[in-house]
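As C-alpha coordinates, the structure follows; a few thoughts come after it.
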Amino acid sequence: MQTIQAPTNCPSCGSLLEWSNDLLYCRSNSCVSQKQKKIEHFAKTLKIKGLGPSAINKLGLTDIDEIYSLTEEDISEGLSSEKLAKKLYAEIKNSEAAPFNTVLAAFSIPLIGKTASDKLSKIITDITEINESNCKAAGLGPKATENLLKWLHKDFYSFYDGCLPFDFKFEKASLVETLGTVCISGKLKSYKTKALATAALLDKGYIVKSSLTKDVTILVNESGVESAKTNQARKSGITIIENLLDLIGE
Ligand SMILES: [Zn+2]
(Lines give C-alpha, C1' and ligand atoms only; values in the text may rest on other atoms or scores of the structure.)
Protein backbone atom coordinates (compact mmCIF):
# COMPACT_ATOMS: atom_id res chain seq x y z
CA MET A 1 0.00 0.00 0.00
CA GLN A 2 1.18 3.43 -0.86
CA THR A 3 0.95 6.16 1.73
CA ILE A 4 0.04 9.59 0.55
CA GLN A 5 2.25 12.29 1.94
CA ALA A 6 0.54 15.54 2.84
CA PRO A 7 2.21 18.59 1.34
CA THR A 8 4.32 20.65 3.72
CA ASN A 9 4.29 23.85 1.73
CA CYS A 10 1.56 25.88 0.05
CA PRO A 11 1.44 25.05 -3.67
CA SER A 12 0.69 28.70 -4.39
CA CYS A 13 3.08 30.75 -2.26
CA GLY A 14 5.48 28.14 -0.84
CA SER A 15 4.83 29.05 2.82
CA LEU A 16 4.89 26.30 5.44
CA LEU A 17 1.40 24.86 5.94
CA GLU A 18 -0.25 24.50 9.35
CA TRP A 19 -2.54 21.70 10.56
CA SER A 20 -5.84 22.67 12.17
CA ASN A 21 -8.67 20.19 12.85
CA ASP A 22 -7.28 17.70 10.32
CA LEU A 23 -7.07 20.30 7.59
CA LEU A 24 -4.02 22.02 6.20
CA TYR A 25 -4.01 25.79 6.08
CA CYS A 26 -1.71 28.28 4.49
CA ARG A 27 -1.44 31.11 7.03
CA SER A 28 0.75 33.37 4.99
CA ASN A 29 -0.61 36.90 4.81
CA SER A 30 0.78 37.39 1.35
CA CYS A 31 -0.57 34.21 -0.24
CA VAL A 32 -2.30 35.26 -3.46
CA SER A 33 -4.17 32.01 -3.96
CA GLN A 34 -5.53 32.17 -0.41
CA LYS A 35 -6.68 35.74 -0.89
CA GLN A 36 -8.40 34.91 -4.16
CA LYS A 37 -10.24 32.03 -2.49
CA LYS A 38 -11.33 34.44 0.22
CA ILE A 39 -12.67 36.90 -2.33
CA GLU A 40 -14.39 34.05 -4.15
CA HIS A 41 -16.09 32.88 -0.95
CA PHE A 42 -17.05 36.44 -0.07
CA ALA A 43 -18.63 37.07 -3.49
CA LYS A 44 -20.44 33.74 -3.41
CA THR A 45 -21.86 34.30 0.09
CA LEU A 46 -23.01 37.82 -0.79
CA LYS A 47 -24.46 36.52 -4.08
CA ILE A 48 -22.41 38.90 -6.22
CA LYS A 49 -23.04 37.24 -9.57
CA GLY A 50 -20.21 37.44 -12.08
CA LEU A 51 -17.38 37.68 -9.55
CA GLY A 52 -15.93 34.20 -9.91
CA PRO A 53 -12.25 33.12 -10.06
CA SER A 54 -11.74 34.33 -13.62
CA ALA A 55 -13.20 37.81 -13.01
CA ILE A 56 -11.24 38.11 -9.73
CA ASN A 57 -8.09 37.33 -11.67
CA LYS A 58 -8.83 39.69 -14.54
CA LEU A 59 -9.65 42.52 -12.17
CA GLY A 60 -6.46 41.86 -10.22
CA LEU A 61 -8.30 41.78 -6.88
CA THR A 62 -6.13 40.86 -3.90
CA ASP A 63 -8.48 41.60 -1.01
CA ILE A 64 -12.17 42.02 -0.20
CA ASP A 65 -12.14 45.80 0.23
CA GLU A 66 -10.93 46.22 -3.35
CA ILE A 67 -14.27 44.91 -4.63
CA TYR A 68 -15.90 48.07 -3.31
CA SER A 69 -13.37 50.51 -4.66
CA LEU A 70 -13.89 49.30 -8.25
CA THR A 71 -15.52 51.78 -10.58
CA GLU A 72 -17.64 50.69 -13.51
CA GLU A 73 -14.77 51.80 -15.78
CA ASP A 74 -12.25 49.64 -13.88
CA ILE A 75 -14.48 46.62 -14.35
CA SER A 76 -15.14 47.42 -17.99
CA GLU A 77 -11.41 47.64 -18.61
CA GLY A 78 -10.58 44.47 -16.68
CA LEU A 79 -13.29 42.34 -18.22
CA SER A 80 -13.11 44.01 -21.64
CA SER A 81 -16.88 44.32 -21.70
CA GLU A 82 -19.09 47.30 -20.91
CA LYS A 83 -22.11 45.06 -20.67
CA LEU A 84 -20.55 42.73 -18.08
CA ALA A 85 -19.21 45.75 -16.21
CA LYS A 86 -22.66 47.30 -15.92
CA LYS A 87 -24.07 44.04 -14.54
CA LEU A 88 -21.26 43.32 -12.12
CA TYR A 89 -21.14 46.90 -10.86
CA ALA A 90 -24.88 46.73 -10.10
CA GLU A 91 -24.38 43.37 -8.32
CA ILE A 92 -21.63 44.88 -6.16
CA LYS A 93 -23.76 47.92 -5.28
CA ASN A 94 -26.67 45.60 -4.37
CA SER A 95 -24.49 43.58 -2.04
CA GLU A 96 -23.82 46.67 0.08
CA ALA A 97 -27.26 46.28 1.66
CA ALA A 98 -26.46 42.80 2.99
CA PRO A 99 -27.16 42.30 6.69
CA PHE A 100 -24.19 41.57 8.94
CA ASN A 101 -25.42 37.98 9.41
CA THR A 102 -24.46 37.35 5.79
CA VAL A 103 -21.41 39.63 5.70
CA LEU A 104 -19.82 38.03 8.76
CA ALA A 105 -20.30 34.56 7.30
CA ALA A 106 -18.60 35.74 4.10
CA PHE A 107 -15.19 36.48 5.64
CA SER A 108 -13.92 32.88 5.71
CA ILE A 109 -13.31 32.99 9.46
CA PRO A 110 -12.86 29.34 10.51
CA LEU A 111 -15.99 28.05 12.33
CA ILE A 112 -17.85 31.33 11.72
CA GLY A 113 -20.51 30.67 9.10
CA LYS A 114 -24.19 31.47 8.79
CA THR A 115 -25.14 29.39 11.85
CA ALA A 116 -22.71 31.20 14.12
CA SER A 117 -23.68 34.65 12.84
CA ASP A 118 -27.36 33.85 13.23
CA LYS A 119 -26.69 32.81 16.81
CA LEU A 120 -24.93 36.12 17.46
CA SER A 121 -27.71 38.10 15.78
CA LYS A 122 -30.13 36.82 18.40
CA ILE A 123 -28.37 38.56 21.26
CA ILE A 124 -26.45 41.49 19.80
CA THR A 125 -27.29 44.19 17.26
CA ASP A 126 -23.97 45.04 15.61
CA ILE A 127 -20.26 44.37 15.28
CA THR A 128 -19.25 46.66 18.16
CA GLU A 129 -20.97 44.30 20.60
CA ILE A 130 -18.87 41.28 19.66
CA ASN A 131 -16.84 40.26 22.70
CA GLU A 132 -16.01 37.11 24.59
CA SER A 133 -18.98 37.14 26.95
CA ASN A 134 -21.51 37.86 24.16
CA CYS A 135 -20.04 35.05 22.05
CA LYS A 136 -20.43 32.71 25.00
CA ALA A 137 -23.99 33.89 25.63
CA ALA A 138 -24.82 33.30 21.96
CA GLY A 139 -23.66 29.70 22.29
CA LEU A 140 -20.42 29.90 20.31
CA GLY A 141 -17.72 27.43 21.27
CA PRO A 142 -14.33 28.57 22.63
CA LYS A 143 -12.50 27.89 19.35
CA ALA A 144 -15.08 29.77 17.24
CA THR A 145 -14.96 32.66 19.73
CA GLU A 146 -11.18 32.77 19.59
CA ASN A 147 -11.20 32.81 15.77
CA LEU A 148 -13.83 35.55 15.67
CA LEU A 149 -12.08 37.79 18.20
CA LYS A 150 -8.77 37.31 16.42
CA TRP A 151 -10.35 38.35 13.12
CA LEU A 152 -12.08 41.30 14.78
CA HIS A 153 -8.84 42.78 16.12
CA LYS A 154 -6.34 41.63 13.54
CA ASP A 155 -8.38 42.04 10.36
CA PHE A 156 -11.41 44.16 11.05
CA TYR A 157 -10.33 46.95 13.40
CA SER A 158 -6.83 47.23 12.01
CA PHE A 159 -7.79 47.00 8.35
CA TYR A 160 -11.35 46.58 7.02
CA ASP A 161 -13.01 49.08 9.35
CA GLY A 162 -13.65 52.21 7.31
CA CYS A 163 -12.97 50.71 3.90
CA LEU A 164 -16.06 48.54 3.55
CA PRO A 165 -19.55 49.92 2.77
CA PHE A 166 -21.61 47.80 5.19
CA ASP A 167 -23.44 49.04 8.29
CA PHE A 168 -22.36 45.89 10.21
CA LYS A 169 -25.77 45.55 11.83
CA PHE A 170 -27.33 42.14 12.32
CA GLU A 171 -30.66 41.44 10.70
CA LYS A 172 -33.49 41.65 13.19
CA ALA A 173 -35.65 39.13 11.34
CA SER A 174 -34.05 36.28 13.20
CA LEU A 175 -35.24 37.84 16.46
CA VAL A 176 -38.83 37.25 15.39
CA GLU A 177 -38.34 33.50 15.36
CA THR A 178 -37.18 33.46 18.94
CA LEU A 179 -39.96 35.71 20.29
CA GLY A 180 -42.83 33.67 18.95
CA THR A 181 -46.09 33.79 17.05
CA VAL A 182 -49.08 35.18 18.90
CA CYS A 183 -52.81 34.64 18.49
CA ILE A 184 -55.35 36.73 20.41
CA SER A 185 -58.55 35.07 21.61
CA GLY A 186 -61.60 37.03 22.73
CA LYS A 187 -61.87 40.55 24.12
CA LEU A 188 -58.84 42.42 25.39
CA LYS A 189 -58.44 44.39 28.60
CA SER A 190 -54.98 45.78 27.98
CA TYR A 191 -55.73 47.38 24.62
CA LYS A 192 -58.83 49.02 23.24
CA THR A 193 -58.71 47.10 19.98
CA LYS A 194 -57.04 44.01 18.55
CA ALA A 195 -55.51 46.24 15.90
CA LEU A 196 -53.68 48.31 18.54
CA ALA A 197 -52.52 45.18 20.34
CA THR A 198 -51.34 43.68 17.05
CA ALA A 199 -49.37 46.80 16.20
CA ALA A 200 -47.68 46.74 19.62
CA LEU A 201 -46.81 43.05 19.25
CA LEU A 202 -45.39 43.52 15.75
CA ASP A 203 -43.37 46.44 17.00
CA LYS A 204 -41.82 44.20 19.67
CA GLY A 205 -40.90 41.64 17.04
CA TYR A 206 -43.68 39.07 17.44
CA ILE A 207 -45.59 37.54 14.56
CA VAL A 208 -49.37 37.84 14.96
CA LYS A 209 -51.91 35.40 13.51
CA SER A 210 -55.68 35.90 13.61
CA SER A 211 -56.40 32.18 13.79
CA LEU A 212 -54.76 29.34 15.69
CA THR A 213 -52.41 28.17 12.95
CA LYS A 214 -49.76 25.49 13.50
CA ASP A 215 -46.97 28.04 13.99
CA VAL A 216 -48.71 29.85 16.87
CA THR A 217 -46.66 29.54 20.07
CA ILE A 218 -48.51 31.93 22.39
CA LEU A 219 -52.25 32.39 22.85
CA VAL A 220 -53.46 35.55 24.55
CA ASN A 221 -56.71 35.14 26.46
CA GLU A 222 -57.47 38.14 28.64
CA SER A 223 -61.22 37.51 28.88
CA GLY A 224 -60.87 34.33 30.89
CA VAL A 225 -63.55 32.69 28.71
CA GLU A 226 -62.66 29.12 27.78
CA SER A 227 -63.12 29.63 24.06
CA ALA A 228 -62.72 26.88 21.45
CA LYS A 229 -59.37 28.48 20.61
CA THR A 230 -58.24 28.34 24.23
CA ASN A 231 -59.27 24.71 24.48
CA GLN A 232 -57.42 23.80 21.33
CA ALA A 233 -54.35 25.73 22.44
CA ARG A 234 -54.34 23.94 25.79
CA LYS A 235 -54.47 20.57 24.02
CA SER A 236 -51.59 21.51 21.71
CA GLY A 237 -49.42 22.65 24.60
CA ILE A 238 -49.35 26.29 23.45
CA THR A 239 -48.45 28.85 26.12
CA ILE A 240 -51.58 30.70 27.22
CA ILE A 241 -51.17 34.10 28.81
CA GLU A 242 -53.80 36.23 30.55
CA ASN A 243 -52.16 39.61 30.22
CA LEU A 244 -50.79 40.81 26.93
CA LEU A 245 -48.61 43.33 28.74
CA ASP A 246 -46.50 40.41 30.00
CA LEU A 247 -45.28 40.13 26.42
CA ILE A 248 -45.13 43.81 25.60
CA GLY A 249 -43.51 44.70 28.87
CA GLU A 250 -45.23 48.04 29.55
ZN1 LIG B 1 -0.14 30.08 0.34
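The values are calculated or read from the model by the stated rules, or taken from the named source; none is laboratory data. This is a predicted model, so every value here is computed, not measured. Virtual Cβ from ideal backbone geometry, glycine too; neighbours counted across all protein chains shown.
Filter the stretch 79-100 for residues that are aliphatic (A, V, I, L, M) and part of a loop (DSSP other than H, G, I, E, B) and give the result.
Within the stretch 79-100, Ala97, Ala98 meet the criteria.
Looking at the stretch 207-221, can you tell me whether even one residue there is touching a residue at least 40 places away in the same chain (Cβ under 8 Å) and either outside the structural domain of Lys187 (by TED's automatic domain parsing) or out of contact with any strand residue (DSSP E or B) (no Cβ under 6 Å at 6 or more places or on another chain) (or both)?
no
Residue check, Thr62 against (1) outside any helix (DSSP H, G or I); (2) farther than 30 Å from Lys169 by Cα, all met but one. Which one?
(2)
I'm trying to understand the selection: among the residues of the stretch 106-143, which are part of a helix (DSSP H, G or I), under 15 Å from the mean Cα position of the chain (by Cα) and more than 19 Å from Asp161 (Cα to Cα)?
Passing the criteria: Lys114, Thr115, Ala116, Asp118, Lys119, Leu120, Ser121, Cys135.
Restrict the check to the stretch 30-44 and report whether at least one residue is modelled with pLDDT of 95 or more and charged (D, E, K, R).
yes
For Leu46, are the conditions met, namely being under 19 Å from Pro165 (Cα atoms) and in contact (Cβ under 8 Å) with a residue 60 or more places away in the chain?
Taking the combined requirement at face value, the residue satisfies it.
Condition check ((1) basic (Lys, Arg); (2) away from the ligand (no atom under 16 Å from the Cβ); (3) within 22 Å of Thr145 (Cα to Cα)) across all residues:
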site	(1), (2), (3)
Ser12	no, no, no
His41	no, no, yes
Lys49	yes, yes, no
Leu84	no, yes, no
Asn94	no, yes, no
Phe107	no, yes, yes
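Looking at the stretch 58-93 only, could you name the residues that are under 30 Å from Lys122 (Cα atoms) and touching a residue at least 12 places away in the same chain (Cβ under 8 Å)?
Matches in the stretch 58-93: Asp63, Ile64, Asp65, Ile67, Tyr68, Glu91, Ile92.
Only residues that are more than 8 Å from the ligand (Cβ to nearest atom) and assigned to a loop (DSSP other than H, G, I, E, B): list them for the stretch 14-24, please.
Asn21, Asp22
Taking the criterion of being touching a helix residue (DSSP H, G or I) at 6+ places or on another chain (Cβ under 8 Å) and either modelled with pLDDT of 90 or more or basic (Lys, Arg) (or both), would at least one residue in the stretch 220-235 satisfy it?
Yes, the stretch 220-235 contains at least one residue that is touching a helix residue (DSSP H, G or I) at 6+ places or on another chain (Cβ under 8 Å) and either modelled with pLDDT of 90 or more or basic (Lys, Arg) (or both).
Which residue, of Ala106, Ala55, is in contact (Cβ under 8 Å) with a residue 12 or more places away in the chain and more than 30 Å from Pro142 (Cβ to Cβ)?
Checking each option against the conditions leaves just Ala55.
Just the residues that are aliphatic (A, V, I, L, M) and surrounded by fewer than 19 Cβ atoms within 10 Å (Cβ to Cβ), please, taken from the stretch 110-123.
Leu111, Ile123
Limited to the stretch 28-39, what total is found for residues that are more than 8 Å from the ligand (Cβ to nearest atom) and within 25 Å of the chain's Cα centre (by Cα)?
5
When the stretch 25-56 is examined, which residues are found to be in contact with an Asp or Glu (Cβ under 7 Å, 6 or more places away or on another chain), over 23 Å from Thr102 (Cα atoms) and not in a loop (DSSP other than H, G, I, E, B)?
The answer is Tyr25, and nothing else.
Pick from the stretch 57-88 the residues that are farther than 20 Å from Pro99 by Cβ and β-branched (Val, Ile, Thr): which of them is nearest to the chain's Cα centre (by Cα)?
Thr62
Residue check, Thr45 against (1) away from the ligand (no atom under 16 Å from the Cβ); (2) in contact with a Cys (Cβ under 9 Å, 6 or more places away or on another chain), all met but one. Which one?
Only one criterion in (1) away from the ligand (no atom under 16 Å from the Cβ); (2) in contact with a Cys (Cβ under 9 Å, 6 or more places away or on another chain) is unmet by Thr45, namely (2).
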